[in-house]
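J.: First, the structure itself, so that you have it in front of you.
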Amino acid sequence: MNDEKFYTARGYQLLDKNKNVLTPSLEDYLEMICRAIRDNGHIRVNELAADLNVRPSSVSKTLAKLSKAGLVDYEKYGIIKLTEEGEKAGAYLLHRHDVMKHFFEMISHESPNDIFAETEMVEHMVSKNTVSSIEHLLRFFHANPEIYQRFKNYKVKRQKVK
């Protein structure tokens, strides 16, 4: 028997707690703040609440946590600003999202909405090393379209067999 220890999904998250100060929820907030600043130049509490489909009071509580972690600066009713550390973390979160979304687009025949939802759920569970490996795989497929086409053909054949 091997030495692997099995946990629930939450158990693995708790094991990782010391490695990552951000919960999946905090990551979602930071990612959305970065996206809004990139697209619009700024964001306020009410806008963030609308973008994430949450209450402004939830945004305020979460901003306090992000502020305590040194990732954002904000004043009540003011513009939310990223710290230098927040910019770095947010840039990675946006990159990770884009890599995972592109990966699912390449391997799936699901609708764009389904791919987006899957990306949103899975992106929090993959390590930086896995994101990097997926990024290399995507680059490999782009550099070798004939191999990517063989993969797609294989997948279609396997689906017909089932």
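The values are calculated or read from the model by the stated rules, or taken from the named source; none is laboratory data. Keep in mind the model is a prediction, meaning the values are calculated, not measured. Every residue, glycine as well, gets a Cβ built from its backbone with ideal geometry; the counts of neighbours run over all protein chains shown.
J.: Hey, among the residues in region 117-151 that are surrounded by 13 or more Cβ atoms within 10 Å (Cβ to Cβ) and charged (D, E, K, R), which one's nearest to His102 (Cα to Cα)?
T.: Glu135
J.: When both residues are 6+ apart or on different chains and their Cβ atoms are under 6 Å apart, which pairs have a first residue that lies in region 40-61 and is more than 18 Å from Pro24 (Cα to Cα), and a second that is in a helix (DSSP H, G or I) and of a type in the set (S, T, N, Q)?
T.: That search, which allows pairs on different chains as well, returns Pro56/Asn46.
J.: I would also like to ask the following. Consider Asp114 against the criteria (1) more than 18 Å from Glu31 (Cβ to Cβ); (2) surrounded by 15 or more Cβ atoms within 10 Å (Cβ to Cβ); (3) not basic (Lys, Arg): it satisfies all of them except one. Which criterion is unmet?
T.: Failing condition for Asp114: (2).
J.: If you take the residues in region 18-35 that are in a loop (DSSP other than H, G, I, E, B), of a type outside the set (S, T, N, Q) and surrounded by 10 or more Cβ atoms within 10 Å (Cβ to Cβ), which one is modelled with the lowest pLDDT?
T.: Result: Val21.
J.: Looking at region 107-137, which of its residues are within 15 Å of the chain's Cα centre (by Cα), hydroxyl-bearing (Ser, Thr, Tyr) and modelled with pLDDT of 95 or more?
T.: Thr119, Thr130, Ser132
J.: Given the condition among the small types (Gly, Ala, Ser), in contact with a helix residue (DSSP H, G or I) (Cβ under 6 Å, 6 or more places away or on another chain) and either exposed (fewer than 14 other Cβ atoms within 10 Å of the Cβ) or closer than 18 Å to Thr119 by Cα (or both), answer yes or no: does some residue in region 47-70 qualify?
T.: Yes, because at least one residue in region 47-70 is among the small types (Gly, Ala, Ser), in contact with a helix residue (DSSP H, G or I) (Cβ under 6 Å, 6 or more places away or on another chain) and either exposed (fewer than 14 other Cβ atoms within 10 Å of the Cβ) or closer than 18 Å to Thr119 by Cα (or both).
J.: Any idea how many residues of region 77-93 are at pLDDT below 95 and in a helix (DSSP H, G or I)?
T.: Of the residues in that region, 0 qualify.
J.: Sticking with this structure for a sec: Confirm whether Asp39 is out of contact with any strand residue (DSSP E or B) (no Cβ under 7 Å at 6 or more places or on another chain), surrounded by fewer than 16 Cβ atoms within 10 Å (Cβ to Cβ) and of a type in the set (D, E, K, R).
T.: yes
J.: Does region 65-76 contain any residue that is assigned to a helix (DSSP H, G or I), under 18 Å from the mean Cα position of the chain (by Cα) and closer than 21 Å to Thr23 by Cβ?
T.: Yes: one or more hits.
J.: Determine the pairs where a residue that is assigned to a helix (DSSP H, G or I), located within region 124-137, has a partner that is of a type in the set (A, V, I, L, M) with Cβ atoms under 8 Å apart, the partner being 6 or more residues away or on another chain.
T.: That search, which allows pairs on different chains as well, returns Met125/Ala9; Val131/Val99; Val131/Met100; Ile134/Val99; Ile134/Met100; Ile134/Val126; Glu135/Val99.
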